[in-house]
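**Student:** One structure follows; several queries about it will come next.
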Amino acid sequence: MPQPPGLSDAERRLWAAFPSGATVVLGDDRPAGPLPERMVRAEIITRLLLGAEEPRPGMVAAVRLRGAYITGQMDVSGGSVAYELRLEKCRLVEQPDFSNATTREMRFADCRMPGFDGGGLRADGYLSLSGSEIEGEVRLPRAQLAGGLRMNGTTITASDPDKWALFSGGLVVEVGTFIRDARINGGVRFVGARMNGGLFMEGTTLSNPGRIALDAQNMVVEDAAEFSRGFTALGTLRLRSGRFNGILSFSRARLDSGDPERMALHASHIQADELLLWPEEKIKGRVSLSYSRIELIMDHPSVWPDELYLNGMTYETLRGAEFKDRLDWVSRDPEFHLQPYEQLASWYHGTGHDDLARKVQVAKLRARRRMLNPVGKAWNHLLDWTVGFGHRPWLAFAWFAALLATGTTVFSIEHPRPVKPKDELPEFHALIYSLDLLIPLDTFGQQLSYDAVNWSRWVAYGLVTTGWVLATALIAGAARVLRPSQNPN
């Protein structure tokens, strides 16, 4: 097919190279300005992509262009492209429009452009924007990329603080999404996305301080989700209701919401096989893992934020922290909830550490104290001191033994007086008398046969009172322990 009239030298070279898929090199660097020998009209590229020239028999036709200054808009919206597009080190004056198009693989390598519109795009191969500088919005809503998405080393700067730098709700990517060592200034939206080959963002910086750095609610990731090895988020990572069928890693990352009152990581209601929460430094901002289901959690006390929301979260295995640190871990929610303590106690019980499970239950009831009224707090203290809320009944026996020893000593010195003639009374014994006072029932007949005198009378009153208190506390504590466990919200 003859070339159309009015083509520049660069355009004639491109038209001639298309049938064989040869690369047209107009320069080895990205043009800074509109040099005449490098200028190519976008409409020429569009016409070739849409089949204006026949491929050469036995060869694979493609548009491959390097070092071009492309004017006008490359618009194939709604079209069907059967050929590969590869632009390297090109300058695109206007935003390419591939919305609702069906294409093969497309590569914009080390290019510069004012945005990219791929809304509804269906690519049979990959889409690559690696190394490119984009000043505007990259749009990929509802796009389906069978060969993967590559944005390694890409720089995107949103044109407006209220606009997304990368907008891609409902995106479906096969093979894998690779956004390594990228710099994205503005929010990234992956709401409802499905990454069937994993999501890899190692070394990438998402910068949107005080706002949403990444909104990935309801995202599904098969394989790994790597926000690790130099990944930095300046703003909120919102992963709410996401599903990660593999590892979700924040190893050697940096999470900073830009505002201590905002969420640094909002990962409530997620499902994950493994969560590796081990960033480079302490997380700056709040973290929520509420109502999430995670098989394995690996973290470290040095990175926990001051406010950590764990209510409703369940897990199978914990790694990375000692027992005392885990007690601190479940207490970082500003509001008291029973469930995080119950879950931690259940985990220790399941691993055969019943003693640690009991300590968690005691810590739970101590933490609950701050919610009670003055009377409730006093009773809570009493149960704690006397029987450890029923989880340490030996305390009651220790108190009982101490009081018994005190009573025995006192009444050995200051004998009570008999209330009847001696021949009608059992022989007085200080130990048995003290025991009879402490036990709420008159078991041995000593309490009704003798009355304490003088100052020892107050000791007798004290033993009777503390006996009732210890018995009540022991019964209340036992009832609390034997009560069926609940997991309230």
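**Student:** Would you mention how many residues in the range 48-82 are more than 23 Å from G27 (Cα to Cα) and either of a type in the set (A, V, I, L, M, F, W, C) or in contact (Cβ under 8 Å) with a residue 12 or more places away in the chain (or both)?
**Tutor:** 17
**Student:** Taking the range 247-271 only, how many residues are in a strand (DSSP E or B), open to solvent by less than 10 Å² (accessible area, probe 1.4 Å) and touching a residue at least 40 places away in the same chain (Cβ under 8 Å)?
**Tutor:** 1
**Student:** Restricting attention to the range 121-134, which residues are part of a strand (DSSP E or B), touching a Lys or Arg at 6+ places or on another chain (Cβ under 8 Å) and open to solvent by 30 Å² or more (accessible area, probe 1.4 Å)?
**Tutor:** Result: E133, single match.
**Student:** If I go through the range 213-225 residue by residue, how many of them are open to solvent by less than 30 Å² (accessible area, probe 1.4 Å) and under 17 Å from L276 (Cα atoms)?
**Tutor:** Qualifying residue count, the range 213-225: 3.
**Student:** Restricting to the range 338-364, and then to whatever is open to solvent by 30 Å² or more (accessible area, probe 1.4 Å) and either basic (K, R) or in contact with a Pro (Cβ under 7 Å, 6 or more places away or on another chain) (or both), can you tell me which residue is modelled with the lowest pLDDT?
**Tutor:** Taking the candidates together, the pick is R358.
**Student:** State which residue pairs qualify: first residue on the phi > 0 side of the Ramachandran plot and without any contact (Cβ under 8 Å) to a residue 60 or more places away in the chain and inside the range 275-293, second residue open to solvent by less than 10 Å² (accessible area, probe 1.4 Å) and not acidic (D, E) in any location, beta carbons under 6 Å apart, and separation of 6 or more residues or different chains.
**Tutor:** G285/S257; G285/A264; Y291/S268
**Student:** Run down S132, S128, S207 and say which single residue is touching a residue at least 24 places away in the same chain (Cβ under 8 Å) and more than 21 Å from the chain's Cα centre (by Cα).
**Tutor:** Checking each option against the conditions leaves just S132.
**Student:** Let me ask you something else. Exactly one of (1) in contact with a Leu (Cβ under 8 Å, 6 or more places away or on another chain); (2) on the phi > 0 side of the Ramachandran plot; (3) in contact (Cβ under 8 Å) with a residue 40 or more places away in the chain is unmet by R142. Its number?
**Tutor:** (3) is the only condition that R142 fails.
**Student:** Scanning for something hydrophobic (A, V, I, L, M, F, W, C), at positive phi and assigned to a loop (DSSP other than H, G, I, E, B), does the range 148-166 turn up at least one residue?
**Tutor:** Within the range 148-166, none of the residues are hydrophobic (A, V, I, L, M, F, W, C), at positive phi and assigned to a loop (DSSP other than H, G, I, E, B).
**Student:** Quick test of your reading of the structure: I184 fulfils all but one of (1) buried (at least 23 other Cβ atoms within 10 Å of the Cβ); (2) outside any strand (DSSP E or B). Name the failing condition by number.
**Tutor:** Among (1) buried (at least 23 other Cβ atoms within 10 Å of the Cβ); (2) outside any strand (DSSP E or B), the lone unmet condition for I184 is (2).
**Student:** So, R86, is that one under 20 Å from D117 (Cβ atoms) and either crowded, with 19+ Cβ neighbours inside 10 Å or of a type outside the set (G, A, S) (or both) or not?
**Tutor:** yes
**Student:** Quickly run through the range 187-207 and pick out the residues that are surrounded by 24 or more Cβ atoms within 10 Å (Cβ to Cβ) and out of contact with any Asp or Glu (no Cβ under 8 Å at 6 or more places or on another chain).
**Tutor:** A193, L206
**Student:** What's the number of the condition R122 fails, among (1) out of contact with any strand residue (DSSP E or B) (no Cβ under 7 Å at 6 or more places or on another chain); (2) at pLDDT 95 or above?
**Tutor:** Of (1) out of contact with any strand residue (DSSP E or B) (no Cβ under 7 Å at 6 or more places or on another chain); (2) at pLDDT 95 or above, only one is false for R122: (1).
**Student:** Next question, about the same structure. In the range 286-304, how many residues are under 14 Å from A253 (Cα atoms), open to solvent by less than 50 Å² (accessible area, probe 1.4 Å) and not charged (D, E, K, R)?
**Tutor:** Selection size over the range 286-304: 2.
**Student:** If you don't mind, another one. Of the numbered conditions (1) open to solvent by 30 Å² or more (accessible area, probe 1.4 Å); (2) at pLDDT below 65; (3) in contact with a Pro (Cβ under 6 Å, 6 or more places away or on another chain), F397 fails exactly one; give the number of that condition.
**Tutor:** (3)
**Student:** In this structure, does P4 turn out to be more than 19 Å from D124 (Cα to Cα) and not small (G, A, S)?
**Tutor:** So P4 fits the description; yes.
**Student:** Can you tell me how many residues within the range 19-54 are hydrophobic (A, V, I, L, M, F, W, C) and within 21 Å of S77 (Cβ to Cβ)?
**Tutor:** Residues meeting the conditions: 8.
**Student:** Given G235, G210, G230, which one is open to solvent by 10 Å² or more (accessible area, probe 1.4 Å) and either part of a strand (DSSP E or B) or modelled with pLDDT under 95 (or both)?
**Tutor:** When all the criteria are applied, what remains is G210.
**Student:** Tell me, yes or no, whether the range 48-68 has at least one residue that is of a type outside the set (G, A, S), closer than 15 Å to R112 by Cα, crowded, with 19+ Cβ neighbours inside 10 Å and touching a strand residue (DSSP E or B) at 6+ places or on another chain (Cβ under 9 Å).
**Tutor:** Yes: the range 48-68 contains one or more residues that are of a type outside the set (G, A, S), closer than 15 Å to R112 by Cα, crowded, with 19+ Cβ neighbours inside 10 Å and touching a strand residue (DSSP E or B) at 6+ places or on another chain (Cβ under 9 Å).
The values are calculated or read from the model by the stated rules, or taken from the named source; none is laboratory data. Just so you know, these numbers come straight off a predicted model, no measurement behind them. When we count neighbours, we look across all protein chains shown, and the Cβ atoms used for this are built from the backbone with ideal geometry, even at glycine. These area figures cover heavy atoms from the full protein model, side chains too; ligands, DNA and RNA do not enter into them. Shrake-Rupley method; radii C 1.70, N 1.55, O 1.52, S 1.80 Å.
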